[in-house]
Amino acid sequence: MRQRIAVVGGGPAGLAFARVMHRHDRPVAVLERDPAPDARPPGGTLDLHEGLGQLAMDKAGLLAEFQALSRPEGQAMRILDTDGTVLRDWRPDPAERANPEIDRGQLRDLLLGPLDVRWGQGVTKVVPGGRDGVLVHFEDGRQEAFDLVVGADGAWSRTRPAVSPVTPHYTGVTAVETSLDDVDTRHPDLARLVGDGSVAVYGVNRAVVAQRGSGGHVKVHAQFRAPLDWHAHLDLGDAEAVRSRLMTLFDGWTAPVLDLLRHGAAFVHRPLHVLPVSHTWTHVPGVTLLGDAAHLMPPLGAGANLALLEGAELAEALADGPANPDGAVRAFEERMWARAGRWARITAAGLERLVSPDPAAALAVFDQVQPSR
């Protein structure tokens with residue numbers, strides 16, 4: 001008899017898990033809180049690494065489709081001083097495929113494919129150990145039992161309390177996100193500044209990073225060290241008030257960089273939270289976690305890649321109906337913890353150096369991963 005399996009969350013981890021299971025003809029109930037795929041903006045762009053996210057796409061049988069949609073030119077990176085001086089300008093070789101970019105929305109749609117997602121199914125609690133299996137509680141008051149529940153429901157996971165009491169803590173760094181549309185036509189000077197990939201500017205405990213997506217869309221992130229309640233007397237829904245505060249925070253920076261913030265139409269507050277770098281838990285039969293639910297870390301390119309690969313690997317471990325499914329999950333957790341712990345330490349150290357009192361430390365981070373050209 002096949003297991004009743006549910007994955008909570010329709011992000012990269014949950015969809016990768018369900019898509020690889022589907023490839024092996026194993027049904028999975030995908031439970032997603034959003035009422036529809038396009039219920040909210042999908043976010044910016046992701047770089048999928050060869051040995052992580054791209055490997056997951058290969059396991060899902062989607063590597064060729066990913067390669068057709070991805071943007072290798074998006075690997076370009078330019079770093080400026082706060083006065084506008086170009087410090088580094090990395091441009092990928094035409095054949096470079098190590099970390100091509102793809103829009104989050106395109107990745108989501110690619111993974112969704114034939115999957116039958118149960119939209120609008122908000123989960124409030126997961127209770128293991130019941131006589132009929134693991135009990136999932138929904139926002140509308142319903143309950144449903146499964147043999148295995150995979151929590152892929154992000155930073156503020158409702159599944160995590162079933163296995164761990166740990167909650168995310170604030171890093172001391174806040175990001176405020178805005179975006180520019182049709183940038184090549186409406187803001188050609190800024191389009192040239194961003195280039196085909198990203199531009200980053202690092203100051204004292206401050207940073208501005210802009211990244212190009214497809215269709216002339218650019219995401220801009222202002223990052224700075226501040227108390228969690230830095231906005232106590234600021235209406236975050238008032239775009240002009242937020243813009244004014246950002247202009248003050250980045251006062252003295254070169255005008256083109258400030259224009260990235262000045263032309264943003266709306267702003268989203270994103271304080272950066274993380275889980276402990278070595279977050280593990282005592283194995284609980286019938287429940288496990290993937291992605292940010294298991295190892296939330298600074299958004300420095302690793303999180304989504306790990307989430308995708310974990311979803312694919314757990315699915316492969318279960319796809320052939322192992323004699324001991326719980327043992328397969330337990331072995332997967334051990335592998336996940338070891339790999340995620342390494343990346344959590346790398347990204348935690350990276351955030352400390354990228355938004356720090358010494359802008360030269362940020363430059364050194366990039367010099368370590370890509371020699372200057």
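So that you can scan it fast, the table gives a plain yes or no per residue for (1) modelled with pLDDT of 95 or more; (2) crowded, with 18+ Cβ neighbours inside 10 Å; (3) in contact with a strand residue (DSSP E or B) (Cβ under 7 Å, 6 or more places away or on another chain):
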{"position": "V176", "(1), (2), (3)": "yes, yes, yes"}
{"position": "S179", "(1), (2), (3)": "yes, yes, yes"}
{"position": "T185", "(1), (2), (3)": "yes, no, no"}
{"position": "L190", "(1), (2), (3)": "yes, yes, yes"}
{"position": "V209", "(1), (2), (3)": "yes, yes, yes"}
{"position": "K219", "(1), (2), (3)": "yes, yes, yes"}
{"position": "A222", "(1), (2), (3)": "yes, yes, yes"}
{"position": "A226", "(1), (2), (3)": "yes, no, yes"}
{"position": "W230", "(1), (2), (3)": "yes, no, yes"}
Would you mind finding the one in L234, L180, L190 that is without any contact (Cβ under 8 Å) to a residue 24 or more places away in the chain and either on the phi > 0 side of the Ramachandran plot or not polar (S, T, N, Q) (or both)?
L234
If only one of S164, S214 is small (G, A, S), closer than 30 Å to L69 by Cα and outside any strand (DSSP E or B), which one is it?
S214
Counting only residues that are out of contact with any Phe, Trp or Tyr (no Cβ under 9 Å at 6 or more places or on another chain) and either part of a loop (DSSP other than H, G, I, E, B) or open to solvent by less than 30 Å² (accessible area, probe 1.4 Å) (or both), how many does the range 113-125 have?
6
Conditions (1) open to solvent by 70 Å² or more (accessible area, probe 1.4 Å); (2) under 24 Å from the mean Cα position of the chain (by Cα); number of the one not met by D235
(2)
When residues of the range 268-298 are filtered for being out of contact with any Gly (no Cβ under 9 Å at 6 or more places or on another chain) and either more than 28 Å from E177 (Cα to Cα) or surrounded by 19 or more Cβ atoms within 10 Å (Cβ to Cβ) (or both), how many remain?
5
Matching residues, the range 281-321, being more than 20 Å from the chain's Cα centre (by Cα) and either within 30 Å of F366 (Cα to Cα) or at pLDDT below 95 (or both)
A319, D320, G321
Across the range 330-361, what is the total count of residues that are in contact with a strand residue (DSSP E or B) (Cβ under 9 Å, 6 or more places away or on another chain) and small (G, A, S)?
5
Only strands (runs of 3 or more DSSP E) wholly contained in the range 17-107 count here; list those with 2 or more residues that are among the charged types (D, E, K, R) and on the phi < 0 side of the Ramachandran plot.
86-90, 101-103
Residues (farther than 19 Å from T282 by Cα and at pLDDT below 95) located in the range 124-168
R131, D132
Among the residues of the range 328-361, what is the count of those that are among the small types (G, A, S) and exposed (fewer than 13 other Cβ atoms within 10 Å of the Cβ)?
2
Would you mention how many residues in the range 12-30 are open to solvent by less than 30 Å² (accessible area, probe 1.4 Å) and under 16 Å from R108 (Cβ atoms)?
8
I need every pair where a residue in the range 30-59 that is polar (S, T, N, Q) has its Cβ under 7 Å from the Cβ of a residue that is part of a strand (DSSP E or B) and open to solvent by 20 Å² or more (accessible area, probe 1.4 Å), sequence separation at least 6 or different chains.
T45/D103; T45/Q211
In the range 243-268, the residues that are touching an Asp or Glu at 6+ places or on another chain (Cβ under 8 Å) and either free of Cβ contacts under 8 Å to residues at least 24 places away in the same chain or under 30 Å from W337 (Cα atoms) (or both)
none
Please go through the range 134-164 and give me each residue that is of a type outside the set (A, V, I, L, M, F, W, C), in contact with a strand residue (DSSP E or B) (Cβ under 7 Å, 6 or more places away or on another chain) and surrounded by fewer than 22 Cβ atoms within 10 Å (Cβ to Cβ), ordered by number.
H137, E139, Q143, E144, D147, R158
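Restricting the search to the range 216-272, which residues are of a type in the set (G, A, S) and within 12 Å of A175 (Cα to Cα)?
Within the range 216-272, A222, A226 qualify.
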Flagged pairs (Cβ under 6 angstrom, 6 or more apart or on separate chains; first in the range 344-365, farther than 27 Å from D83 by Cβ and among the aliphatic types (A, V, I, L, M); second assigned to a helix (DSSP H, G or I) and open to solvent by less than 20 Å² (accessible area, probe 1.4 Å)) are A344/H295
For V176, work out the one condition from (1) over 17 Å from L261 (Cβ atoms); (2) assigned to a strand (DSSP E or B); (3) of a type in the set (V, I, T) it doesn't fulfil.
(1)
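The values are calculated or read from the model by the stated rules, or taken from the named source; none is laboratory data. Quick caveat, the model's predicted, so the values are computed rather than measured. Counting neighbours? That spans all protein chains shown, and the Cβs are built from the backbone with ideal geometry, glycine included. Ligands, DNA and RNA are stripped out before the accessible areas are found, and what is left, the full protein with its side chains, is counted by its heavy atoms. Shrake-Rupley method; radii C 1.70, N 1.55, O 1.52, S 1.80 Å.
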